[in-house]
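Colleague: Can you keep this structure in mind? I'll have questions shortly.
The values are calculated or read from the model by the stated rules, or taken from the named source; none is laboratory data. Computed from a prediction, not measured in an experiment: that's the story for all the values here. Cβ atoms come from the backbone with ideal geometry, glycine included; neighbour counts cover every protein chain shown. Calculation scope for accessible area: heavy atoms of the full protein, side chains included, ligands and nucleic acids excluded. Shrake-Rupley method; radii C 1.70, N 1.55, O 1.52, S 1.80 Å.
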Amino acid sequence: MRNLQLSFNQTQKVRLEKALERLESLSSKSNPNSCVTVGDTIPVYEDGILKGHGTSDQKGELAATVCGVVERINKLIYVRALRARYKPETGDIVIGRVIEVVPKRWKLEINFTQDAILMLSSMNLPDGIQRRRTAVDELNMRSIFTENDLVCAEVRSSQGDGSLQLQARNQKYGKLERGQLLTVDPYLVKRRKQHFHHLEEYGIDLIIGCNGYIWIGEHVEARDKMVVDQGSNSEQLIAECDKNSMDLDEQDGTCTPREARQNICRIANAIRVLSRLGFNITVEVILETVNLSNSLNLDIHDMLGSEFYVLVAESEAERRSLSKRKR
């Protein structure tokens, strides 16, 4: 948990400390050997183990060299460091911001040590037709993404020099509009089968990026507006671009409904509270936090008050206790 710079009264401090102690005890009881600090001995239950990252051999015993969580994959044992930078893996869902448009590719900032590359050939074209990219497509790249646009994509591969190649070959990927971007510590986001969520009750799309970028936006069925024919001549291309710019102007004139904006802000504040408390960011926990605020009839700005932080910590402790009893 980060140092919360909030004005807690004495009662709130005691309640928060009790809730956090309860959470820590539940975590240690479920797996007492999971969390280690530097120098702690890691128990080994079989022979022929492989020492991975964050471990070393100390006087015949396996010891941790970093603070984190012990992970075991077959005979490989390594320590996953807490508060570490984002380490991309193939297939990760990430959200990035376009910082440069260069020939045949876009450069994106994805909260990583290097900028990621999204090739034009790895991008799903707005017309949805699988074909070779032409010079017309390259000239029209800024009609798809331009600087400062937010883009959702998937990690395709990692090169030897550490650079990342992205791809967006599906309609669910692409430009993100009409919403709010939040940044949390990447270690709070766990890799799951589903990172795209449509919250029907609120009419909101939620994308939890593995790189710590979270998007909360108004639900849309399709984001692609541009249609370019491969055989278009220059006059048709100009007319199409003018039409697209008119469509964007019309969209700017149409505001997101007030109820949708309030839902976006409420969900965003719930994520902020969970992030500052150091809880894992999952759609289930987010919805429980939002429902808690609704049940208390709290205004959106009151969710960032000290009392709500205490209530969320107590609620999370109760939830984990109940889930453990069911097991």
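Conditions tested, residue by residue: (1) among the basic types (Lys, Arg); (2) farther than 30 Å from residue 165 by Cβ; (3) without any contact (Cβ under 8 Å) to a residue 60 or more places away in the chain; (4) touching a helix residue (DSSP H, G or I) at 6+ places or on another chain (Cβ under 6 Å).
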position: 15; (1), (2), (3), (4): yes, yes, no, yes
position: 56; (1), (2), (3), (4): no, yes, yes, no
position: 59; (1), (2), (3), (4): yes, yes, yes, no
position: 62; (1), (2), (3), (4): no, yes, yes, no
position: 66; (1), (2), (3), (4): no, no, yes, no
position: 71; (1), (2), (3), (4): no, no, yes, no
position: 79; (1), (2), (3), (4): no, no, yes, no
position: 94; (1), (2), (3), (4): no, no, no, no
position: 106; (1), (2), (3), (4): no, no, yes, no
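Colleague: Is it the case that some residue within segment 61-71 is exposed (fewer than 13 other Cβ atoms within 10 Å of the Cβ) and in contact with a Ser or Thr (Cβ under 6 Å, 6 or more places away or on another chain)?
Modeller: The answer is yes; a qualifying residue exists.
Colleague: Kindly list the number of the only condition in (1) open to solvent by 40 Å² or more (accessible area, probe 1.4 Å); (2) closer than 16 Å to residue 94 by Cα; (3) at pLDDT below 90 that fails for residue 123.
Modeller: All conditions are met except number (1).
Colleague: Return the residues of segment 135-153 that are out of contact with any Pro (no Cβ under 8 Å at 6 or more places or on another chain) and open to solvent by less than 40 Å² (accessible area, probe 1.4 Å); say none if nothing qualifies.
Modeller: 136, 137, 140, 141, 145, 149, 150, 151, 152, 153
Colleague: Mind checking which residues of segment 124-161 are in contact (Cβ under 8 Å) with a residue 60 or more places away in the chain and part of a helix (DSSP H, G or I)?
Modeller: Within segment 124-161, 136, 137, 139, 143 qualify.
Colleague: Considering only segment 95-120, state which residues are among the hydrophobic types (A, V, I, L, M, F, W, C) and either at pLDDT below 90 or buried (at least 23 other Cβ atoms within 10 Å of the Cβ) (or both).
Modeller: If the condition is that a residue be among the hydrophobic types (A, V, I, L, M, F, W, C) and either at pLDDT below 90 or buried (at least 23 other Cβ atoms within 10 Å of the Cβ) (or both), then 95, 106, 108, 110, 116, 118 are the ones that fit.
Colleague: Which numbered condition trips up residue 210, out of (1) modelled with pLDDT of 90 or more; (2) open to solvent by less than 40 Å² (accessible area, probe 1.4 Å); (3) in contact with a Ser or Thr (Cβ under 6 Å, 6 or more places away or on another chain)?
Modeller: So residue 210 meets the others, but not (3).
Colleague: Okay, next question. Quick check on segment 136-150. Is at least one of its residues within 19 Å of residue 184 (Cα to Cα) and at pLDDT 90 or above?
Modeller: yes
Colleague: Follow-up question, since we're still on this one. Any residue in segment 162-174 that's in a loop (DSSP other than H, G, I, E, B): show its pairings with residues that are open to solvent by less than 20 Å² (accessible area, probe 1.4 Å) and among the charged types (D, E, K, R) at Cβ separation under 7 Å, as long as the two are six or more apart or on different chains.
Modeller: No pair meets every condition.
Colleague: Something else: Being within 20 Å of the chain's Cα centre (by Cα), outside any loop (DSSP other than H, G, I, E, B) and of a type in the set (Val, Ile, Thr) is the filter here, so list the residues in segment 79-123 that pass it.
Modeller: Within segment 79-123, 93, 94, 95, 98, 99, 117 meet the criteria.
Colleague: Is it true that some residue in segment 74-94 is open to solvent by less than 30 Å² (accessible area, probe 1.4 Å) and farther than 30 Å from residue 182 by Cβ?
Modeller: Checked segment 74-94: at least one residue is open to solvent by less than 30 Å² (accessible area, probe 1.4 Å) and farther than 30 Å from residue 182 by Cβ.
Colleague: For segment 300-320, give me each residue that is more than 19 Å from residue 10 (Cα to Cα) and open to solvent by less than 50 Å² (accessible area, probe 1.4 Å).
Modeller: Residues satisfying the conditions are 300, 303, 315, 316, 317.
Colleague: Suppose the filter is within 14 Å of residue 214 (Cα to Cα) and at pLDDT 90 or above; does residue 178 pass it? Spell out how you get there, then give the answer.
Modeller: Numbers: within 14 Å of residue 214 (Cα to Cα): yes; at pLDDT 90 or above: yes.
Criteria met by residue 178.
Colleague: Still on this model: With the checklist (1) of a type in the set (A, V, I, L, M, F, W, C); (2) loosely packed, with under 14 Cβ neighbours inside 10 Å; (3) touching a Leu at 6+ places or on another chain (Cβ under 8 Å) in hand, flag the one item residue 216 doesn't pass.
Modeller: In the conditions (1) of a type in the set (A, V, I, L, M, F, W, C); (2) loosely packed, with under 14 Cβ neighbours inside 10 Å; (3) touching a Leu at 6+ places or on another chain (Cβ under 8 Å), residue 216 misses (2) alone.
Colleague: Within segment 22-42, identify whether any single residue is at pLDDT 80 or above, loosely packed, with under 12 Cβ neighbours inside 10 Å and not in a loop (DSSP other than H, G, I, E, B), and answer yes or no.
Modeller: Scanning segment 22-42 turns up no residue that is at pLDDT 80 or above, loosely packed, with under 12 Cβ neighbours inside 10 Å and not in a loop (DSSP other than H, G, I, E, B).
Colleague: Let me ask something else. Which residues, counting only those in segment 145-200, are more than 14 Å from residue 216 (Cβ to Cβ), among the polar types (S, T, N, Q) and within 14 Å of the chain's Cα centre (by Cα)?
Modeller: Hit for segment 145-200 is 194, nothing else.
Colleague: Which of the residues that make up segment 179-204 are open to solvent by less than 40 Å² (accessible area, probe 1.4 Å) and assigned to a helix (DSSP H, G or I)?
Modeller: Selection gives 186, 188.
Colleague: Another question, if that's okay. Which of the helices (runs of 4 or more DSSP H) contained wholly in segment 230-295 include at least 2 residues that are open to solvent by 70 Å² or more (accessible area, probe 1.4 Å) and at pLDDT 50 or above?
Modeller: On the way: elements: 234-253, 258-277, 283-295.
Once the helices (runs of 4 or more DSSP H) in segment 230-295 are filtered for at least 2 residues that are open to solvent by 70 Å² or more (accessible area, probe 1.4 Å) and at pLDDT 50 or above, what remains is 258-277, 283-295.
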